[in-house]
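The values are calculated or read from the model by the stated rules, or taken from the named source; none is laboratory data. If you're wondering where the values come from, they're calculated on a predicted model, not measured in any experiment. Side chains are part of the model used for accessible areas, which takes the heavy atoms of the whole protein and leaves out ligands, DNA and RNA. Shrake-Rupley method; radii C 1.70, N 1.55, O 1.52, S 1.80 Å.
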Amino acid sequence: MKSDLDSSYKRYREGLLAIDIPLQEDLHKYMCIRLSGYLEQLMFEAICGYVASASGGPAKSFAMSFFKKAPNLTPDALEKLIGRFGDPWDQELADFLDTDERRNSLGGLLAVRNKVAHGENYRGGQLNVATYKKLVDDIHSWVVLRMLA
């Protein structure tokens, strides 16, 4: 899943300068949707995997019956989701998001995703997408360390 995202981003970066500006703008939008979708899938897969490995039988079935999909991961939604695991993860996530403007970047990425998905304009550029990709890589590392290691 992560390698597919990394490959998409590599193709995006390599091909960007060879195409017209209107198409570049479309690719920026695509990458933002791709990055936000990856975060949702990452959280779903990581949480399901973590719950499955930490519990079993009826307890696992009960827990999984409440988690059918990850929400649109705005900063608040992500904090509420991880907060359900309690300490220390809820505070660790808050500290993580407050470092390096991650909270603002995540909010920006989800704003782009929602605008594009609902037909509104977005005029971001390559720098924004690179910032969002770094954010997704950082969140991926945070999740893997806690849920998949």
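When the accessible area of the range 45-149 is split by element with a 1.4 Å probe, what percent falls to carbon and sulfur? It is 53 percent, rounded to a whole number. Identify which of Arg84, Arg102, Arg34 has the largest mean-square fluctuation in a Gaussian network model of the chain, with springs joining Cα atoms closer than 10 Å. Looking only at Arg84, Arg102, Arg34, the biggest GNM fluctuation is shown by Arg84.
Highest mobility in the GNM of the chain, judged by mean-square fluctuation with C-alpha springs under 10 Å and restricted to Gly119, Gly86, Gly107, is found for Gly119. Note on Ile33: accessible area approximately 70 square angstrom, rounded to 10, probe 1.4 Å, nucleic acids and ligands left out. The value of relative contact order for the chain, using C-alpha pairs under 8 Å at least six residues apart, is 33 percent. In the chain, helical runs assigned H by DSSP with n ≥ 4 each contribute -39500 (n - 2.57); averaged across all residues and rounded to the nearest 500, the mean residue ellipticity at 222 nm is -24000 deg cm²/dmol.
Over 23 Å apart at the Cα level, from the set Lys29/Lys133; Lys10/Lys80; Lys60/Lys133; Lys2/Lys133; Lys68/Lys134; Lys2/Lys60, are Lys10/Lys80; Lys60/Lys133; Lys68/Lys134; Lys2/Lys60.
Give the Kirkwood hydrodynamic radius (Å, one decimal) of the chain, defined as one over the mean of 1/r across all pairs of different Cα atoms.
16.4
Against the chain, whose longest principal axis is taken from its Cα atoms, helix 126-143 shows a tilt of about 10°.
When the inverse distances between all different Cα atoms of the range 68-149 are averaged and flipped, the Kirkwood radius reads 13.6 angstrom.
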